[in-house]
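Here the structure is laid out as structure tokens; the discussion comes afterwards.
The values are calculated or read from the model by the stated rules, or taken from the named source; none is laboratory data. What you see is a predicted model, and the numbers here were worked out from it, not measured in a lab. Note that each Cβ is placed from the backbone with ideal geometry, even for glycine, and that neighbours are counted across all protein chains shown.
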């Protein structure tokens, strides 16, 4: 499965939301006049914020430092809840009249639908039972310090908190990876 980093998709989606031609003022006025575009922008923004909360490591890598002190919750219950939220996001997207959208908003709509559709499909294929891949897992944590900011005391405290709360179960098979090996 091809994974697109949340920051990449959010950047593309939010760039479309603001407009590629320079000033955001005309784009904002156009959104205000188009309820479908406004609903799309609200959905994209809310989902991006949710993704940052749910994956603090990705948030740090994307330069969003509000969650630098935390680890993602990869419990099966949390993954199931996040899946339901992804399904709900697709329902909200389906309620937006695509035919009322123009330009970048059409691209944003289609990218959002594709990305969330892939996430829902991946959950159905139980991709979460394979927590370690060549692109994701404990072996990639060495990049963590490269994405953190160390500009003030709070930044260092966030890093220390993250180190102190590291879950050592990441270094041995987790309940979800054990389930994956049993179902294979």
- Note on the structure: Considering only helices (runs of 4 or more DSSP H) wholly within the stretch 51-158, the ones with at least 1 residues that are at pLDDT 95 or above are 76-94, 103-124
- Run residue 162 past the list (1) within 23 Å of residue 60 (Cβ to Cβ); (2) at pLDDT below 95; (3) surrounded by fewer than 16 Cβ atoms within 10 Å (Cβ to Cβ) and report the number of the one that doesn't hold. (3)
- Exactly one of 58, 66, 104 is under 21 Å from residue 144 (Cβ atoms) and crowded, with 17+ Cβ neighbours inside 10 Å, and that residue is 58
- Looking at the stretch 139-159, which of the residues that are surrounded by fewer than 15 Cβ atoms within 10 Å (Cβ to Cβ) and touching a helix residue (DSSP H, G or I) at 6+ places or on another chain (Cβ under 7 Å) is farthest from residue 71 (Cα to Cα)? 150
- Across (1) surrounded by 13 or more Cβ atoms within 10 Å (Cβ to Cβ); (2) not in a helix (DSSP H, G or I), residue 47 clears everything bar (2)
- Does residue 116 satisfy the condition of being over 30 Å from residue 151 (Cα atoms) and under 13 Å from the mean Cα position of the chain (by Cα)? yes
